[in-house]
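Worksheet: the structure to be examined is printed underneath.
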Amino acid sequence: MSKPPSRPTPPSGSEPPSSPPPQPQPDPAELQAQKAAFDHCQAKATAILASEVKIRMDVVLAQENVTTGLNEVLKHGDVLERVWAQARVQSLSDVLVYARAAVYAAAQADLAGAPTGLVHAELTEAFELSDKMFSAFETCVKFGLLSAEDIARMRPSRGPLSVAQALINVGVYGHDNEAVLSANSPVRSEHVDRCTELGNKLMVDIKPQSAHQREDPAAKKAADTANRCWTLVVNGYLEVGKAVFEIWGPSYRDHIPALQSRTVHKKKDDTQK
């Protein structure tokens with residue numbers, strides 16, 4: 001029986017680590033596009049009434065789903081233009097700009113409110129544990145023992161919150177498939193239990209709401225900006241949803257993913273209401 005992943009030793013004393021845990025970074029061209037989108041949207045985001053600001057969720061996942069949903073809608077732009085003005089149809093693409101801006105703003109908020117000390121050590125463990133678990137899952141997928149779609153739904157995007165939620169999902173999935181994993185991978189019950197324990201703890205320590213409780217004014221401002229950019233995404237995608245309803249009617253949910261959906265989207269060709 002293999003040993004469970006080792007847990008990093010918390011930093012000694014009160015000094016915080018010098019840098020946050022390593023995370024996948026976007027390519028330079030995408031990062032530049034995110035910054036340009038943020039600059040373009042900042043004034044509009046600032047103008048949102050405080051009472052209408054929504055707490056951000058997984059912005060990278062949302063960007064992927066926005067891209068999928070918008071592409072599906074724009075394929076049927078000719079159908080939509082029969083009932084909508086052309087300018088309104090063209091404005092649907094704004095949501096992709098909002099999504100890029102939200103990814104950039106969220107990254108800035110994470111940097112401004114970067115966790116230190118013990119939370120930093122737990123995040124480091126979380127990224128390492130996530131990599132190990134998904135590596136084991138992928139091996140089982142290659143041999144037809146696990147579902148590739150199930151693994152894709154659980155896979156985290158960039159960011160601490162996404163990894164924390166992924167570990168919780170992995171814990172449930174690991175227990176459901178314990179026999180397969182134990183017989184065909186190094187994963188044992190103690191690894192699965194640690195995923196659940198660590199994921200739940202991190203969800204409390206790094207949830208977006210906690211950014212509002214920080215003393216640092218810069219962290220509070222960055223968190224508020226990220227929430228405002230997220231609100232633009234939510235509102236913009238609602239407009240996409242209206243467009244989908246115009247094209248497909250009551251079956252519109254079958255054609256585009258929800259903002260936070262991890263389901264592998266299966267496109268449909270029927271455009272009849």
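The values are calculated or read from the model by the stated rules, or taken from the named source; none is laboratory data. Bear in mind the structure is a predicted one, so any value in this text is a computation, not a measurement. The accessibility values were calculated without ligands, DNA or RNA, using every heavy atom of the protein model including side chains. Shrake-Rupley method; radii C 1.70, N 1.55, O 1.52, S 1.80 Å.
Using a probe of 1.4 Å on the protein chains alone, the accessible area found for LYS44 is around 110 Å². Once you reduce the stretch 181-207 and the stretch 119-174 to the center of their Cα atoms, the two points are 9 Å from each other.
Heavy atoms of the protein chains alone define the surface here; on that basis the stretch 71-173 has 44 Å² accessible area per residue at 1.4 Å probe size. Whole-Hz Karplus values for the stretch 79-88 come out as 5, 5, 5, 6, 10, 10, 5, 4, 4, 5 Hz, taken residue by residue from phi with 6.51 cos²θ - 1.76 cosθ + 1.60 and θ = phi - 60°; glycine and proline positions read x.
Element breakdown for the stretch 52-209 at a 1.4 angstrom probe: carbon and sulfur atoms account for 53% of the accessible area.
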